[in-house]
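Just so you know, all these numbers are worked out from the coordinates, no wet-lab data involved. Computed from a predicted model, the values in this text were never measured in an experiment. With ideal geometry, Cβ positions are generated from the backbone for all residues, glycine too; neighbour counts draw on all protein chains shown.
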Ligand SMILES: [Zn+2]
């Protein structure tokens, strides 16, 4: 993938190895970068020079905010610009399947208007932004076709402000692909957890464990907003709010050791979520999500919660599509998709006997959960389903994925965004957890 380091250090770029925020990036197709690098070195920003001379200072600079972003253009040329309160080091690169342009920045706080990025222009169909990991922000531009980054630069504005500008032009899939061959993508490697983790032998539960360990997994986060309501409420926000209330509820009795896969608005890769659960040898894993449907004519009739468990074959076509949608989280955040196709993994785990026992426990919990939720919130027409969700791919931990409702449904969206509703759901889930563990304890020899 052609990468452009946005700093006037052409020599270092062309030398083939640049360290950016501690991440070594090797540029193997230097010749294809000539035009872009030429543009980069014309940048006059003094802060960019500082970044080049002392990268650490630029990365650790005082809080940098993104104050505006715009996409303008047509199918022949599209400009993306981002106004920043001060100069930072940025890294820009492209990814295929689907075609995207990724802009990596240090810890930038986004102050963009609600709904920013939901509509694109020209070659850019939409864009997303947010934290990709601790202290690192990312913007993902979805492009309708393969593009070339023809120009990338930071232009000084008033005071310390700068504008990061990208000019994209269409290219052929062949030329687009040529830039990606052989380039070592160190960052992708660290962000994409190895798929084998779930198939590893179980982490032994400590024999002195006194409390069951419960992992709560609020879906999405950071650069991946998940589903979005018509009034721009993102799924990542709703599920984090419910997760925090659920944690508080579960901890109240003192009976459980409760952990979260994320506690802030940050992106966590799917396999990382599974890994967290595995490392803790969790006794129960609860993933929280909310859905939205795109078809406007159905939006006001489809609502309610659904509990999903893992299965190789989806219980129906809607469940299969749901798993596909949730499994796309890593791609949405701009991770490589090539390494993520591992249907074989799901199958391998499913034939495992251990998994069969785990699946029975997952089904038990799903029954408890649906029973409790039925008394407090509205459920979907068919509230217990199964499909191959990556995040449920756990051989030893009973796991469910709860879709709390539909952000596309006006009433569901409104309710889900209130503390009263969130507390009610947290109480119901807690009651299902109590019932599940009381049965398991009773069964134990
Ligand atoms: Zn989701």
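Here are the numbers for this structure:
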{"read-out": "Cα shape, the range 238-284, gyration tensor, a/c 1.5 rule", "value": "oblate"}
{"read-out": "Rounded, prolate or oblate (a/c below 1.5 giving rounded, otherwise prolate when a/b exceeds b/c) for the range 365-445 by Cα gyration tensor", "value": "oblate"}
{"read-out": "Which of 303, 174 has the fewest Cβ neighbours within 10 Å, and the rest in rising order", "value": "174, 303"}
{"read-out": "Residues 72, 136 arranged by fewest to most Cβ contacts within 10 Å", "value": "72, 136"}
{"read-out": "Highest average packing first - 139-145, 259-265, 403-409, 367-373, Cβ atoms within 10 Å", "value": "403-409, 139-145, 367-373, 259-265"}
{"read-out": "Sequence of 313, 128, 273 once ranked by neighbouring C-beta atoms within 10 Å, starting from the fewest", "value": "313, 128, 273"}
{"read-out": "Coarse-grained scattering of the range 195-443 at q = 0.07, 0.08, 0.13, 0.18 Å⁻¹, given as base-10 log I(q)/I(0) from a Debye sum over alpha-carbon atoms", "value": "-0.20, -0.27, -0.75, -1.57"}
